[in-house]
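Below: one structure, written as structure tokens.
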Amino acid sequence: MDWGLKNRLAKIIKPQNRRGVMLAVDHGYFLGPTERLEVPRKTIAPLLPFADSLMLTRGVLRTSVDANFPVPVVLRVSGGASIIGKDLSNESITTSVKEAIRLNVSALAMSIFIGAPHEHESLVSLGNLVNEGEEYGIPVLAVTAVGKELEKRDARYLGLACRMAAEFGAHLVKTYYCENFEKVVTACPVPVIIAGGPKLATELDVFNLTHDALQAGAAGVDMGRNIWQNDHPVAMIKAVRAIVHQKATVKEANEIFLKIKSESSQNKDQLQQKSKPTQKSKSKK
Ligand code: 5RP
């Protein structure tokens, strides 16, 4: 592997333990102002210190992330369909590699849509993006998208999609966790990371998902909604991070979550107390 490509990949998947925590905030590219990502800067800023890398579009990167903060960027470069349109698989490459270099990104990301109407175009785009990325030493993350058909998320389908992504040259694959996930990982010769998917019912569900995926061989997470749609996003990312990097158990991750949650609630209470007018200042009025 070329030095530049290897170096960029090492910023995303840490060579010490071959794991990584990627924070996904690219949802607006087809969902618009997703709940709790309405003002991207507000959502992203408190989480940045705990993410190994950040996945997003150039628009949100330029407008909503401080260029002085040294977080490795995984740039989504595909798009072209919206949640209210006819076919989510109708995507093309929308951002050039020149632009990605200008933005100093560590990887390029695009979706592939296996079994969907635009399967062919998305696969050819992946091959072309890998060709171009390799020229400049920029790795490519392939996202095995399922569009609105969440029920597609089984080992047979995801195993096919992940393997095909790797065959087309993707350096990293993002997919969903499923039963028999080890089959998906074993048959994919490049690191596999998992998306969180729509918000799960409880924090424990998220920790179990993360833990089980890593046990089955995943190299980490590229998680969004289950972190920033939680009322305590910093506590969530820290707990998920502990599972990925410190081999924390589900129980330990939950303890981390509860501890940070209670500390932040206490801090909030104290701030509210301080901002309440005292008896003295009230009587002056
Ligand atoms: C959408 C994406 C998202 O980044 C991905 O789904 C991860 O986010 P979440 O954990 O919210 O599912 O690639 O196509």
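Bear in mind that the values in this text are calculations on the coordinates, not laboratory data. Computed from a predicted structure; not experimentally measured. Glycine gets a Cβ as well: all are built from the backbone with ideal geometry, and neighbour counts include every protein chain shown.
Computed values, structure above
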| item | result |
| --- | --- |
| Subset of the range 1-43 that is under 17 Å from SER64 (Cβ atoms) and basic (Lys, Arg) - its residue that is nearest to the ligand (Cβ to nearest atom) | ARG36 |
| Of the criteria (1) within 13 Å of the ligand (Cβ to nearest atom); (2) crowded, with 19+ Cβ neighbours inside 10 Å; (3) farther than 23 Å from LYS238 by Cβ, which one THR95 fails | (1) |
| Residue in the range 63-78 that is within 16 Å of the ligand (Cβ to nearest atom), farther than 17 Å from ALA145 by Cα, assigned to a helix (DSSP H, G or I) and free of Cβ contacts under 8 Å to residues at least 60 places away in the same chain present | yes |
| Odd one out for ILE114, checked against (1) without any contact (Cβ under 8 Å) to a residue 40 or more places away in the chain; (2) within 16 Å of the ligand (Cβ to nearest atom) | (1) |
| Failed item in (1) of a type in the set (A, V, I, L, M); (2) farther than 18 Å from ALA253 by Cβ; (3) surrounded by 17 or more Cβ atoms within 10 Å (Cβ to Cβ); (4) touching a helix residue (DSSP H, G or I) at 6+ places or on another chain (Cβ under 9 Å), with VAL206 passing the rest | (2) |
| Some residue of the range 188-203 being farther than 26 Å from LYS11 by Cβ and crowded, with 19+ Cβ neighbours inside 10 Å | yes |
| Qualifying helices (runs of 4 or more DSSP H) (wholly inside the range 138-253; at least 3 residues being of a type outside the set (Asp, Glu), within 16 Å of the ligand (Cβ to nearest atom) and free of Cβ contacts under 8 Å to residues at least 40 places away in the same chain) | 203-215, 233-246 |
